[in-house]
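Written out below as structure tokens is the structure these notes cover.
The values are calculated or read from the model by the stated rules, or taken from the named source; none is laboratory data. If you're wondering where the values come from, they're calculated on a predicted model, not measured in any experiment. Here Cβ is always computed from backbone atoms with ideal geometry, including for glycine, and neighbour counts include all displayed protein chains.
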Amino acid sequence: MVMRSFIRDDRGSVVPLFGVCMFGLFAAAGAAVDYSRAATVRTGMQAALDACAITLSKEADKLDPALLEQRAQAIFEASFKHPEAKQIKVKPTYTNDNGTYKLSMQATGSVDTTVFRIFGQNTMNLKADTEVQWGMRRLELALALDNTGSMAQLGKIDALKTATHSLIDTLKEASKKKDDIKVAIVPFTTYVNVDPKKSKAKWIDFTGWSETESTGTEANLTSEWINPKTGKKWQGCVTDRTQPYDAQDTSPDGTVTLFPAVECVNPVPLIALTSNWKKLHDKVDEMKADGTTNVTIGMAWGWHALTSGKPLTEGEAPAKDLDKVLVLLTDGENTENRWGTNSFDIDKRTEAVCANIRKDNIKIYTVRVVEGNAALLRGCANGGYFEVAQASQLNDVFKTIAKSLATLRIAK
């Protein structure tokens, strides 16, 4: 009778159900605790791996695979601050794909569980990946450098030479294949010197000059132009073109677009884009300080150096993998151009050429040394403006610019 009543009794107990629920809640809570600990360690692992990859990329091309792996492990462990992580292993892979450098890295390890071990899982595995791509994109760089008389003061011309040598060396070291980095140097005063050997160039206006007999070898034939008023030979200098072409890169194809020849004592001849590092260093050593300031013509010829049309044709056509950069350095305000000595009017021409260069997708860095129109130079720059109070600071500024021309990024 009692057994029959028990069987027919449809009232249930909550104790078994409560036990089942508590087991599930306990498992969920345990999972949350262990997964939270693992996630914290995994985040630290990723951060340390990213930092390791950036640091190691600076020396990866100089290490064999075994030493690369040793360095990767050491650099990672120095910044990874999670002692609860076990069996950490870092695996780097370095590749060079036609000048594009890649460092892929993977870190693996584990953490001991706390609650999950009750259910038979003693560890949780961890993994992090990162990839760094770096190297110098193809670069065309023009240096428009003030070589006026004021640069002879306070050691500025010597400091400029030292800084420019350092910049050239930095770019040489960053270059990974022939012609991936090319540099032009444009010393300027009131004029720019395009080289007396260009005397037969059809884009120079020699109106008022008389040509003498051609001289030189057949392969390097030149003509000497004499100013009949002074009797002096043309030394290679040109002045501003007729406005508005003085602030443009329009190819010279007619009278008003030609570059007027002038007499000059300074600057030394420019050097067009090249990857001949010795010639660049030699050109820096040739520079001297004499003359007055015309920033416009220095900027204009720096621009000409970066394009493919006349007068200078060494520049390449724009491309996605090609950066074009112009660095201007000056230590004084505009004082003279083709039309006179009104600084305000000359500044307007400088503003015009700067605006046009920026429209041409060329990055401009400007450097003011001790003196000069800060507002004008700051407004010209779209890459960076630097101001130094003494010549000795120039080297650091040029190093900063050189380093900024290199790219280094976390790819994933």
Looking at Asp246, is it part of a helix (DSSP H, G or I), at pLDDT 95 or above and farther than 22 Å from Ala159 by Cβ? yes
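Hey, any hits in region 343-350 for a residue that's in the same structural domain as Thr250 (by TED's automatic domain parsing), aromatic (Phe, Trp, Tyr) and crowded, with 16+ Cβ neighbours inside 10 Å?
Applying the first criterion (in the same structural domain as Thr250 (by TED's automatic domain parsing)) to region 343-350 yields 343-350.
Those still in the list that are aromatic (Phe, Trp, Tyr) too: 344.
From the residues that got through so far, the ones that are crowded, with 16+ Cβ neighbours inside 10 Å too are none.
Checking region 343-350: not a single residue is in the same structural domain as Thr250 (by TED's automatic domain parsing), aromatic (Phe, Trp, Tyr) and crowded, with 16+ Cβ neighbours inside 10 Å.
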So, in region 360-385, how many residues would count as being touching a helix residue (DSSP H, G or I) at 6+ places or on another chain (Cβ under 7 Å) and modelled with pLDDT under 90? 1
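Take Asp240 and decide whether it is crowded, with 22+ Cβ neighbours inside 10 Å and of a type outside the set (Ser, Thr, Tyr).
Details: crowded, with 22+ Cβ neighbours inside 10 Å: yes; of a type outside the set (Ser, Thr, Tyr): yes.
Against the criterion (crowded, with 22+ Cβ neighbours inside 10 Å and of a type outside the set (Ser, Thr, Tyr)), Asp240 qualifies.
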What are the residues in region 357-386 that are under 20 Å from the mean Cα position of the chain (by Cα), closer than 20 Å to Thr335 by Cα and of a type outside the set (S, T, N, Q), if any? Val367, Arg368, Leu377, Arg378, Gly379, Cys380
Selection from region 159-218 of residues that are assigned to a loop (DSSP other than H, G, I, E, B) and among the aliphatic types (A, V, I, L, M): Val194, Ala201
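Does Arg71 count as farther than 21 Å from Ala174 by Cα, at pLDDT 90 or above and either of a type in the set (Phe, Trp, Tyr) or in a helix (DSSP H, G or I) (or both)?
Details: farther than 21 Å from Ala174 by Cα: yes; at pLDDT 90 or above: yes; either of a type in the set (Phe, Trp, Tyr) or in a helix (DSSP H, G or I) (or both): yes.
Answer is yes for this residue.
Mind telling me which of the residues Val186, Val90 ends up being surrounded by 19 or more Cβ atoms within 10 Å (Cβ to Cβ), at pLDDT 90 or above and under 22 Å from the mean Cα position of the chain (by Cα)? Let's see the steps before the verdict.
Values: Val90 fails: under 22 Å from the mean Cα position of the chain (by Cα).
Exactly one of Val186, Val90 is surrounded by 19 or more Cβ atoms within 10 Å (Cβ to Cβ), at pLDDT 90 or above and under 22 Å from the mean Cα position of the chain (by Cα), namely Val186.
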